[in-house]
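Asks: Encoded as structure tokens, here's the structure I'll be asking about.
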Amino acid sequence: MSAKGKPVQYAYVNNRVQKFSHREIGVTHVLVTGGAGYIGSHAALRLLKDSYRVTIVDNLSRGNIGAVKILQGLYPDPGRLQFIYADLGDAKAVNKIFAENAFDAVIHFAAVAYVGESTLEPLRYYHNITANTLTVLEAMAAHRVKTLIYSSTCATYGEPEKMPITEDTPQVPINPYGKAKKMAEDIILDFSRNSDMAVMILRYFNVIGSDPEGRLGEAPRPELREHGRISGACFDAAAGTISGLKVKGTDYNTPDGTCVRDYIDVTDLVDAHVKALAKAMPRKVGIYNVGTGKGRSVKEFVEACKKATGVEIKVDFLSRRPGDYAEVYSDPSKIRRELNWTAQHTNLQESLETAWRWQRTHRNGYGPPLAAAS
Ligand SMILES: NC(=O)c1ccc[n+]([C@@H]2O[C@H](COP(=O)([O-])OP(=O)(O)OC[C@H]3O[C@@H](n4cnc5c(N)ncnc54)[C@H](O)[C@@H]3O)[C@@H](O)[C@H]2O)c1
């Protein structure tokens, strides 16, 4: 019986109580949107390890069912992990998911997330990031889900004049990706002013690395390589998938002329989410930078990647790419003070070694192993 004396309604799947559809004392059920993707899959793994109940919703447009299968293999027990294939752009489907599941919290990772692509396809970015966040928020409000952790980005700051970036640095995004994320943040903040929702907005810097135990990795679609991130390009060059690395821009106002970024290991990043989840308070909004506080140049990154892979990667230095900014690194003191979080995996080479171990043994990502060359 429920607290109000009415019989509790359970949904049955194959004659088994569908644990995901009702609340259970002592169990926190987290909806992880984009959980088949790079960061979302690592976050789901950590949540499962910490005994959370996890529902992944993903349309597999960019993520990998292979990552979900690894998680399902590790946590096969009923009520631990379910995967729902759905597009967050489909408000009816999203509403149905919220109606059929008893979520305690949402970590909203799902997004298209390439700066370069956003300049070519801005409408896609506003739809996928801004409009879909509104859909998720409306479903949370309608179904009284009280905690939201939102994946935001340092791209919402644009190119500030002063470094390091604090949470009070004005947000002046300079590309559609950053603008779409800023708009999503604004929607969440406006909603939160008149609601008892607990909100945490995490603004990540550049995410690298992978699961130290080698179960998960970063495996973007091959067609996204051209928009891809520097670590993927370094590994592709080291593996011989591409002939070398193209470093775009050597005349930036930085110590060695190449762009400076703050690289945060995915293991640390997901730890920040777990801490944010634990400290989320009704009617409160927490906004945090998640970075190491240290900027590294692209040249430094490439050197670390050469050492991590043991390959003398060929590097071509080219002119700047539109939409890039010279220098970006965080001031992580607020998250240290308020969430007791600091980056632990700050050795670039070690993070890249971990990621390379997975890349080397998963040349086809989560797909079947590639046949050996004859
Ligand atoms: N990777 C970084 O360096 C970085 C930095 C800052 C912020 N972020 C943010 O972190 C989040 C996760 O990024 P990632 O690097 O893991 O990207 P990813 O592409 O690996 O994962 C995104 C996931 O979202 C899913 N998805 C996209 N649109 C969807 C939709 N309409 N419905 C359902 N699922 C959908 C994709 O299939 C994919 O599995 C994003 O919000 C991104 O903006 C990433």
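The values are calculated or read from the model by the stated rules, or taken from the named source; none is laboratory data. This is a predicted model, so every value here is computed, not measured. We place every Cβ from the backbone using ideal geometry, glycine too, and count neighbours over all the protein chains shown.
Asks: Filter the stretch 309-355 down to the residues that are loosely packed, with under 15 Cβ neighbours inside 10 Å, small (Gly, Ala, Ser), modelled with pLDDT of 95 or more and over 25 Å from GLU213 (Cβ atoms) and list them by number.
Replies: Scanning the stretch 309-355 gives a single hit, SER333.
Asks: Quick one: GLU100 ticks every box in (1) farther than 27 Å from TYR288 by Cα; (2) surrounded by 22 or more Cβ atoms within 10 Å (Cβ to Cβ); (3) away from the ligand (no atom under 15 Å from the Cβ) except a single one, so which number is it?
Replies: (2)
Asks: When the stretch 356-368 is examined, which residues are found to be surrounded by 15 or more Cβ atoms within 10 Å (Cβ to Cβ) and not in a loop (DSSP other than H, G, I, E, B)?
Replies: Once the filter is applied, which keeps residues that are surrounded by 15 or more Cβ atoms within 10 Å (Cβ to Cβ) and not in a loop (DSSP other than H, G, I, E, B), the stretch 356-368 yields TRP356, ARG357, TRP358, GLN359.
Asks: Looking at this structure, is LEU269 at pLDDT below 95 and of a type in the set (A, V, I, L, M)?
Replies: So LEU269 fails the test.
Asks: Got a number for residues in the stretch 299-353 being within 24 Å of GLY249 (Cβ to Cβ), touching a strand residue (DSSP E or B) at 6+ places or on another chain (Cβ under 9 Å) and among the small types (Gly, Ala, Ser)?
Replies: 5
Asks: Tell me, yes or no, whether the stretch 282-294 has at least one residue that is over 22 Å from GLN171 (Cα atoms), surrounded by 20 or more Cβ atoms within 10 Å (Cβ to Cβ) and within 16 Å of the ligand (Cβ to nearest atom).
Replies: no
Asks: Might you check whether a residue that is assigned to a loop (DSSP other than H, G, I, E, B), more than 8 Å from the ligand (Cβ to nearest atom), touching a helix residue (DSSP H, G or I) at 6+ places or on another chain (Cβ under 6 Å) and more than 26 Å from PHE191 (Cβ to Cβ) occurs anywhere in the stretch 111-119?
Replies: Yes, some residue in the stretch 111-119 is assigned to a loop (DSSP other than H, G, I, E, B), more than 8 Å from the ligand (Cβ to nearest atom), touching a helix residue (DSSP H, G or I) at 6+ places or on another chain (Cβ under 6 Å) and more than 26 Å from PHE191 (Cβ to Cβ).
Asks: Another question, if that's okay. How many residues are aliphatic (A, V, I, L, M), without any contact (Cβ under 8 Å) to a residue 60 or more places away in the chain and touching a helix residue (DSSP H, G or I) at 6+ places or on another chain (Cβ under 8 Å) when one looks only at the stretch 26-70?
Replies: Looking only at that region, the number is 7.
Asks: Still on this structure: Does GLY257 satisfy the condition of being surrounded by 14 or more Cβ atoms within 10 Å (Cβ to Cβ) and within 19 Å of ARG203 (Cβ to Cβ)?
Replies: no
Asks: Could you list, ordered by first residue, the pairs with Cβ atoms under 6 Å in which the first is in the stretch 309-327 and on the phi < 0 side of the Ramachandran plot and the second is acidic (Asp, Glu) and at pLDDT below 95, at least 6 apart or interchain?
Replies: As it stands, the answer is TYR325/GLU159, since those pairs meet every condition given.
Asks: From (1) under 24 Å from THR309 (Cβ atoms); (2) modelled with pLDDT under 95, pick out the condition that doesn't hold for ILE208.
Replies: (2)
Asks: Another question about this same structure. Would you check if ALA131 is small (Gly, Ala, Ser), within 14 Å of the ligand (Cβ to nearest atom), touching a residue at least 40 places away in the same chain (Cβ under 8 Å) and not in a helix (DSSP H, G or I)?
Replies: Spelling it out, it is not the case that ALA131 is small (Gly, Ala, Ser), within 14 Å of the ligand (Cβ to nearest atom), touching a residue at least 40 places away in the same chain (Cβ under 8 Å) and not in a helix (DSSP H, G or I).
Asks: Could you list, in sequence order, all residues of the stretch 141-161 that are of a type in the set (A, V, I, L, M, F, W, C) and surrounded by fewer than 24 Cβ atoms within 10 Å (Cβ to Cβ)?
Replies: ALA141, ALA142, VAL145, listed by residue number.
Asks: Further question on the same structure: Give me the pairs: first residue in the stretch 90-110 and free of Cβ contacts under 8 Å to residues at least 24 places away in the same chain and small (Gly, Ala, Ser), second residue part of a loop (DSSP other than H, G, I, E, B) and within 13 Å of the ligand (Cβ to nearest atom), beta-carbon distance under 7 Å, and six or more apart or on different chains, which are they?
Replies: ALA93/ALA86; ALA93/ASP87
Asks: Related question: Restricting to the stretch 167-209, give me the number of residues that are within 17 Å of GLY293 (Cα to Cα), in contact with a helix residue (DSSP H, G or I) (Cβ under 7 Å, 6 or more places away or on another chain) and more than 12 Å from the ligand (Cβ to nearest atom).
Replies: Result for the stretch 167-209: 2.
Asks: Quick test for you: out of LYS275, LYS294, LYS306, pick the one residue that is assigned to a loop (DSSP other than H, G, I, E, B), of a type in the set (Lys, Arg) and at pLDDT 95 or above.
Replies: Residue meeting the stated conditions: LYS294.
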